[in-house]
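The values are calculated or read from the model by the stated rules, or taken from the named source; none is laboratory data. A quick note: this is a predicted structure, and the numbers were derived from the prediction, not measured. Cβ sites come from the backbone with ideal geometry, for glycine too, and all protein chains shown count toward neighbours. For accessibility, only protein heavy atoms count, side chains too; no ligands or nucleic acids. Shrake-Rupley method; radii C 1.70, N 1.55, O 1.52, S 1.80 Å.
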Amino acid sequence: NPMNPSIATQNGLSLAGRALIALLFVPAGLSKIGSFAGVAGYIASKGVPLAEVCAAIAIAVEVGLGLLILAGWQTRWAALGMAIFTVVITFIFHAFWAVPPEQVMQQQQAFFKNIAVVGGLLALVAWGPGGYSLDGRRAT
């Protein structure tokens, strides 16, 4: 019954959800390493101070917390950190209310997609990573 899934199905879906979240963040963080100067320049162009430090933080968060979420280790803390990071960057980089009219739709869509990702991360904070995780193995 899909409305009353087994524990194994719930664990599998939790793993798949964590993997998909990691798929969004880990490659993005890794790509920032190879284009560090460009990333720092883009961050600076948005008026963010200490752009190189912020670029390094973005890499650490996206790769580090993304891998923790994938592995399901310290998942609730990793997901909370990723949610906070995502909210902050969303208001800085997708401020659809402050862009030229021809950019509003694209930035608004990116803004709300990011907010939806935050919703998924908060669900991980609330419910944890499931049994197919390092956290789940420690609990048993």
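Before moving on, here are some points about what is shown:
- Residue in the range 96-110 that is outside any helix (DSSP H, G or I) and either at pLDDT 95 or above or β-branched (Val, Ile, Thr) (or both) present: yes
- Residue in the range 74-85 that is closer than 18 Å to GLY47 by Cα, at pLDDT 95 or above and not charged (D, E, K, R) present: yes
- For the range 82-100, filtering for residues that are aliphatic (A, V, I, L, M) and in contact (Cβ under 8 Å) with a residue 24 or more places away in the chain leaves 5.
- One residue stands out in the range 1-18 among those that are hydrophobic (A, V, I, L, M, F, W, C) and either in contact with a Pro (Cβ under 8 Å, 6 or more places away or on another chain) or surrounded by 13 or more Cβ atoms within 10 Å (Cβ to Cβ) (or both): the one that is farthest from ILE92 (Cα to Cα), namely LEU13.
- When ALA78 is tested against (1) open to solvent by less than 40 Å² (accessible area, probe 1.4 Å); (2) of a type in the set (A, V, I, L, M, F, W, C); (3) farther than 20 Å from VAL125 by Cα; (4) out of contact with any Lys or Arg (no Cβ under 9 Å at 6 or more places or on another chain), just one condition goes unmet, and that condition is (3).
- Residue in the range 41-52 that is in contact with a helix residue (DSSP H, G or I) (Cβ under 7 Å, 6 or more places away or on another chain), of a type in the set (Gly, Ala, Ser), surrounded by 19 or more Cβ atoms within 10 Å (Cβ to Cβ) and part of a helix (DSSP H, G or I) present: no
- Looking at ILE69, ILE57, ILE115, ILE92, just one residue is modelled with pLDDT of 95 or more and within 24 Å of SER6 (Cβ to Cβ), and that residue is ILE69.
- Looking only at the range 58-75, residues that are without any contact (Cβ under 8 Å) to a residue 40 or more places away in the chain and open to solvent by 40 Å² or more (accessible area, probe 1.4 Å) come to 2 in all.
- Some residue of the range 123-140 being in contact with a helix residue (DSSP H, G or I) (Cβ under 9 Å, 6 or more places away or on another chain), of a type outside the set (Gly, Ala, Ser), open to solvent by 40 Å² or more (accessible area, probe 1.4 Å) and over 19 Å from LEU13 (Cβ atoms): no
- The range 2-27, residues that are in a helix (DSSP H, G or I), of a type in the set (Ser, Thr, Tyr) and more than 15 Å from LEU70 (Cβ to Cβ): THR9
- Candidate set from the range 96-119 (those that are open to solvent by less than 70 Å² (accessible area, probe 1.4 Å) and more than 18 Å from the chain's Cα centre (by Cα)); member that is farthest from ALA79 (Cα to Cα): PRO100
- Tallying residues that are out of contact with any Asp or Glu (no Cβ under 7 Å at 6 or more places or on another chain) and of a type in the set (Ser, Thr, Tyr) within the range 73-114 yields 2.
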